[in-house]
Every structure is written in C-alpha cells, then in structure tokens.
C-alpha cells in the first residue's frame, strides 16, 4: 500500500511530506502487535485455567464454610444450654446456701438441747445415786457379810 501511495505521490508536483513513509513507520510500529496479542491471548488462556481450578477450590471452601456455619450454630445452642444450666446451678447453690444456714442453726439448737438433756440426766442420776448411797447402799453393806 505504501508503494502504491508512493507511485501516486510521484505524479504530484512539489516537495511534500511522504504519506508512504508515514505508512511504513506505522507498519514498523505495528509489527510487534501480533506477537503481543498472541502473548496476551496465552495469558488470558492461562488465567482462565487458573480461574477454573480456583472455582473448584472455591466450591470446596464454600462447602467447608457451610459445615463450619452449621457447627457454629450447634455450638451456639450448646452454649445457650450451658448458660441455662449455669444459671440453674447458681440458683440451686444459692438456695442450698440459704438452707445450710438454717440447717446449721437447727443443728446448733439440737446440740444445745441434747447437751441440756444429757446434763439434766447426769444431774438426775447423780442425785439418784446420792440418794441411794445415803439410804440403801449403807443398809445393804451392814447386812452383807464381811469378807
């Protein structure tokens, strides 16, 4: 094409800038473009292969995330149950602590009452033995033979 334009310019009088030379310079500048386009096409093909492989990996990751989400939901419900059990245990332990205080006072009262009862029984036994000793024990010693 540059040769044809050069032939046409030869018939035009005057010293003008050659369009043919401009076309040759443009062609020289465009010479590496096909190789660059091939390289770009190969890069796009490689990228498409990587994306296809990544799609399978992403599907696997998606399945794992779904499983993890289910496990988190299960753990959340379990933690809610643990929280309810902890609150129940706290209420029961507080009630047991309140009852133990009452039970402790009842035990003290029982010990005091039993102590008073044992003391009264000891005092009564002491008086009874003292009374027996004063009356009956001496009489039986006088009746018994000496050894």
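The values are calculated or read from the model by the stated rules, or taken from the named source; none is laboratory data. This is a predicted model, so every value here is computed, not measured. Neighbour counts are summed over all protein chains in view; Cβ atoms, including those assigned to glycine, are modelled from backbone coordinates with ideal geometry.
Inspect all residues belonging to region 92-99 and state whether any of them is in a helix (DSSP H, G or I), loosely packed, with under 10 Cβ neighbours inside 10 Å and at pLDDT below 75. Looking for residues that are in a helix (DSSP H, G or I), loosely packed, with under 10 Cβ neighbours inside 10 Å and at pLDDT below 75, one finds none in region 92-99, hence no. When the test is whether a residue is in a helix (DSSP H, G or I), at negative phi, surrounded by fewer than 10 Cβ atoms within 10 Å (Cβ to Cβ) and more than 16 Å from the chain's Cα centre (by Cα), residue 84 does not pass it. In this structure, is residue 103 part of a helix (DSSP H, G or I), at pLDDT below 90 and surrounded by 10 or more Cβ atoms within 10 Å (Cβ to Cβ)? Yes: the conditions hold for residue 103. For residue 57, are the conditions met, namely being on the phi < 0 side of the Ramachandran plot, in a helix (DSSP H, G or I) and at pLDDT below 85? It is true that residue 57 is on the phi < 0 side of the Ramachandran plot, in a helix (DSSP H, G or I) and at pLDDT below 85.
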